[in-house]
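The values are calculated or read from the model by the stated rules, or taken from the named source; none is laboratory data. Computed from a prediction, not measured in an experiment: that's the story for all the values here. Note that each Cβ is placed from the backbone with ideal geometry, even for glycine, and that neighbours are counted across all protein chains shown.
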Amino acid sequence: MHLDPDARSDSSDEPADAGMPSGDEAQFEQIQEASQSIRTELGRVIVGQEEVIEQLLITLFAGGHCLLVGVPGLAKTLLISTLSETLSLSFSRIQFTPDLMPSDITGTEVIQDDPKTGERRFQFLGGPIFANVILADEINRTPPKTQAALLEAMQEKQVTVGGTQHKLTQPFFVLATQNPIEQEGTYPLPEAQLDRFMFNIKVGYPSELEEQEIMRRTTSGGTVKVNSHLGGDEILVLQQLVRRVPVADVVIRYALRLTRATRVTTPEAPQFIRDHISWGAGPRAGQYLILGGKARAILQGRTHVSYDDIKQVAHPVLRHRILTNFAAEAEGVTSDSVVTRLLEEIPTDGS
């Protein structure tokens, strides 16, 4: 659906609500109910982390992959495993260690005897990657060779072993956890793999009251059983619904300006970008800004994408796609602070 680039609502400078395409109203209500049910189930196990949960749900409905970064003990693994329990999907947890091999993830071919002919033949035994939801736990604890085993699966939704392609079951999500790279025994993920993650979500420490509640829950008896609310076919339908959310051309242009402004070689780049950035975000950043904005709009109960939707997903989309230089490191400039400044300086009126 094409929107008038000059469309505005009466009460703000946001693009006007053009509504969902005809016939999508029931699915819109379904995604609202499903997201609220998932939030409720997660709240029975996870204390706080509302922003992290929202960004995980955006990733889920946008059909992307997600990287959660934080120090150990912040319930990153528990959050992902609990989310998988709210979905009627197959789940695999892969603990990344320095001795993990690529075949431990993708699977391997073994020689077996054919009971009918007695001949020996190769048979492929799939690894843990053959599931709908993959928890890649502490993904940066393994060397780059093993990290790269996820690249084809994340992008092409398949793995190739022995020259044969094996399709993965849809939907397919890689939800990875990562310790800060400053910690010992970690291997930074290559830029090509980082770019395949839709979001890089920072998981921070809980507040005092939240930590008090965590201590109370985790030191008492009893377990919480989480109910599932969405199946694979339903998720695929809702992902298509997200892609049909209308977005005004002016919002697309705003996301484009944000993305291009991170590149030192473009005329749109401000001087502070040229001073502090080595490499900027690629085209995937713009795509994920729009997809993330669409998913957030639905989760917020709206049927159109606003400038605020783009701003709210800008940090998780851009922070791992911007590479700062030595001057930035010396001055304490981070990719997050760069994104914050871009959001402050780039206008939403197209000027």
task: With the condition kept exactly as written, say whether any residue in the range 194-211 is free of Cβ contacts under 8 Å to residues at least 60 places away in the same chain and in a loop (DSSP other than H, G, I, E, B).
output: no
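Per-residue answers, yes or no, for (1) in contact with an Asp or Glu (Cβ under 9 Å, 6 or more places away or on another chain); (2) within 23 Å of Leu56 (Cα to Cα); (3) not assigned by TED's automatic domain parsing to the domain that holds Gln155:
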residue	(1), (2), (3)
Gln193	no, yes, no
Lys202	yes, yes, no
Glu208	no, no, no
Met215	no, no, no
Thr219	no, no, no
Asp233	no, yes, no
Gln239	no, yes, no
Arg263	no, no, yes
Members of the range 290-344 found to be in a loop (DSSP other than H, G, I, E, B), touching a Phe, Trp or Tyr at 6+ places or on another chain (Cβ under 8 Å) and under 17 Å from Cys66 (Cα atoms), listed by number: His320, Ile322
- prompt: Are any of the residues in the range 252-266 in a loop (DSSP other than H, G, I, E, B), at positive phi and small (Gly, Ala, Ser)?
  reply: no
Identity of the residue in the range 243-261, within 20 Å of the chain's Cα centre (by Cα) and buried (at least 23 other Cβ atoms within 10 Å of the Cβ), that ends up nearest to Leu60 (Cα to Cα): Val245
- request: Return the residue satisfying two criteria in turn: it lies in the range 189-201 and is in contact with a helix residue (DSSP H, G or I) (Cβ under 8 Å, 6 or more places away or on another chain) and surrounded by fewer than 16 Cβ atoms within 10 Å (Cβ to Cβ), and of such residues it is farthest from Gly73 (Cα to Cα).
  value: Ala192
query: Of the residues Gln147, Gln165, Gln170, which single one is part of a helix (DSSP H, G or I) and assigned by TED's automatic domain parsing to the domain that holds Asn200?
result: Gln147
task: Could you run through the range 309-341 and say how many residues are farther than 21 Å from Arg196 by Cβ and either outside the structural domain of Gly282 (by TED's automatic domain parsing) or surrounded by fewer than 22 Cβ atoms within 10 Å (Cβ to Cβ) (or both)?
output: 15
message: If the requirement is being in contact (Cβ under 8 Å) with a residue 12 or more places away in the chain, more than 30 Å from Gln32 (Cβ to Cβ) and aliphatic (A, V, I, L, M), which of these qualifies: Ala149, Ala136, Ala131?
response: Ala149
query: Can you tell me how many residues in the range 124-144 are of a type outside the set (Gly, Ala, Ser) and either part of a helix (DSSP H, G or I) or within 24 Å of Ile111 (Cα to Cα) (or both)?
result: 9
Hits in the range 277-289 (condition: in a loop (DSSP other than H, G, I, E, B) and crowded, with 19+ Cβ neighbours inside 10 Å): Gly280, Ala281
